[in-house]
Amino acid sequence: MKTMTDKQVRFLTWLITTATDKCTTIEEVHELNKEIRQHSDGLIDLTEKENRENE
């Protein structure tokens, strides 16, 4: 996986904090975090697959 730029990290931070700001309970935050982890796990799997294919 390529290294993320500072701008990309700041955008992701903004995106996540904006989403969690809309939550009204800690349970909603936990559910959102669970969804984010599920999606990021899929991206990690795809990245690892791409890395293996490029070797």
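Sites listed here are trypsin sites (Lys or Arg not before Pro) in the range 1-36 whose DSSP assignment is loop and whose Cβ has at most 13 other Cβ atoms within 10 Å: LYS2, LYS22.
Set the Förster radius R0 to 22 Å, insert the Cβ-Cβ distance between THR5 and ILE36 as r into 1/(1 + (r/R0)^6), and round the FRET efficiency to 0.05.
0.65
None of the figures in this text is laboratory data; all of them are computed from the coordinates on show. Since we're looking at a predicted model, the values are computed, not measured. We place every Cβ from the backbone using ideal geometry, glycine too, and count neighbours over all the protein chains shown.
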